[in-house]
Ligand SMILES: Cc1cc2nc3c(=O)[nH]c(=O)nc-3n(C[C@H](O)[C@H](O)[C@H](O)COP(=O)(O)OP(=O)(O)OC[C@H]3O[C@@H](n4cnc5c(N)ncnc54)[C@H](O)[C@@H]3O)c2cc1C
């Protein structure tokens, strides 16, 4: 460990090596700064070890299960026997291990000082790691988040969060998922494909309530077809764990007996007990308050990732890390526009979106100042080949640029790249309509939607 105990003062000291922290470290080192990166668990953080990557590996295994079961639809005879969780976990853990190894190599090659241990901010320029000071001209807080529960709902045994649900050795026969947001919906999708009888309980009136209402409705229709039950507008009254399962009671009075209760009600910031407040870093309900340049209330101390209020997404953390590294290196980067950050819900079907929902746009610009087009994937050749349903919905300001794009369907997450370029570059439908989209791709659905919005629909029934 090279630190101030050895007389070294780093240009940047980063506390937490998840998406936000390691991105800061990689970019800062690239910019020629000396970097210390402190981590108490594993390099890569939540996203790599307990979040984005393992869940997507499970979703891919789920897709293989569905394809095997439905193979005759495509003229292929295959027999679905069972889900071998040991095999699924080996596959999932192998993906994570390969990426972890690659990331360790990146950190080594950029000559970042990697320090293992529990860190605590003890002054504006020093983090103490297991009693040893690590000093920097700048400090970046990147300690991430943890799964939340509700009061009177202790986690343990058959009541679990995504942290435990990702490592099940055996599948339950049935499960209740508390929370119909991104994480809850992803697990519902995986488990239903693995033949678990799933019920999602959501207090708000619809699944994925942060998305455009049309996306929620399409997902709900798809879930119904897949036999996934859900209760929306249905707050939990309580849950009681007993020897053979959990009794879940809803405020409506309904009782559901289940083998397992997954609590997916959001994630809280890891900021307690880390010395932040003692050093003067202002918090707001546990989150670190920053300005648009990600400066905290203490000079020379920045914050990135899930501890900063806003979307809790890995790619936001990456971008904030890059931003802070460049800021410290004196490169004057442009601030990040939060509304331009793409969002994907990786269930079957997927939801991909960027920018304002229709409701948000109407509220911001006035109800009659917004124009909307929905292109149904029924007219898209590639989507028909994949046997998926859904749409691409465009939201534009009347006579103005696109302000929101919302898509539902298998694999539409892969289309969000073009969608985010369109929204972030404030493109006009007439401009996008001039661009050629390869045939047959699902991407064409975006092209077709823009043709329709530009007043010249091609493959669309009027
Ligand atoms: C099930 C699930 C699925 C998800 N899927 C996606 C997805 O598909 N796409 C997406 O964009 N996002 C996804 N996310 C969210 C994503 O994982 C987070 O937004 C991202 O990991 C946040 O990065 P971070 O660096 O802020 O925090 P973290 O990744 O949580 O990293 C923080 C790190 O700090 C370390 N740390 C904390 N305190 C200390 C301390 N005192 N000393 C030393 N080290 C410390 C922790 O050990 C941790 O490694 C998912 C999350 C979950 C739970």
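Derivation of every value follows stated rules applied to the coordinates shown; laboratory data play no part. This structure is a prediction, so every number in the text was calculated from the model and none was measured. Don't worry about glycine lacking a Cβ; one is built from the backbone with ideal geometry, like all the others, and counts go over all protein chains shown.
Arranged from highest to lowest average of other beta-carbon atoms within 10 Å per residue, in what order do the peptides 117-124, 257-264, 185-192 appear? Before the final figure, lay out each step's value.
Numbers: 117-124: 18.0, 257-264: 22.0, 185-192: 25.9.
Those peptides, ordered most packed to least, come out 185-192, 257-264, 117-124.
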If a paramagnetic tag sat 7 Å from the Cα of residue 170 along the Cα-Cβ line, which residues of the stretch 176-190 would have the backbone N under 18 Å from that point?
176
Distance in nm between pseudo-label sites at residue 441 and residue 272 (7 Å out along the Cβ direction from Cα)
4.8
By counting other Cβ atoms within 10 Å of each Cβ, how are 34, 193, 19 ranked from fewest to most?
34, 193, 19
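Please arrange 407, 160 by counting, for each residue, the other beta carbons lying within 10 Å of its beta carbon, fewest first. Let's see the in-between values first.
Details: 407 31, 160 21.
Placing the least packed residue first, the sequence is 160, 407.
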Calculate the spin-label point distance for residue 210 paired with residue 282, positioning each point 7 Å from the Cα along the beta-carbon direction, and give it in nanometres.
2.4
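Please give the contour-minus-distance gain from residue 226 to residue 195: 0.36 nm per residue of separation, less the Cα-Cα distance, rounded to one decimal in nm.
Numbers: separation 31, 0.36 × 31 = 11.16 nm, distance 1.04 nm.
Taking residue 226 through residue 195 to full extension adds about 10.1 nm, to one decimal.
Which of the peptides 99-107, 296-304, 133-141, 71-79 is most tightly packed, and how do the rest follow, going by the mean number of other Cβ atoms within 10 Å of each residue? Don't skip to the end; give the middle numbers.
Values: 99-107: 14.3, 296-304: 21.6, 133-141: 24.1, 71-79: 9.2.
With the highest mean Cβ count within 10 Å placed first, the list reads 133-141, 296-304, 99-107, 71-79.
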Spin-label model distance (nm) - residue 257 vs residue 332, 7 Å beyond Cα toward Cβ
6.9
FRET E, pair residue 372, residue 118, Förster distance 56 Å, beta-carbon r, rounded to 0.05
0.65
Packing-based ranking, highest mean first, of 88-97, 343-352, 202-211 given that Cβ atoms within 10 Å are counted:
343-352, 202-211, 88-97
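Quickly estimate the mean residue ellipticity at 222 nm for the chain, helices only: each DSSP H run with n ≥ 4 gives -39500 (n - 2.57), and the total goes over all residues, rounded to 500. Numbers along the way, then the final one.
Numbers: 14 runs with 147 residues, N = 462.
Taken over the chain, the calculation gives -9500 deg cm²/dmol.
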For an R0 of 30 angstrom, estimate the FRET efficiency from the Cβ-Cβ distance between residue 8 and residue 97 and round to the nearest 0.05.
0.40
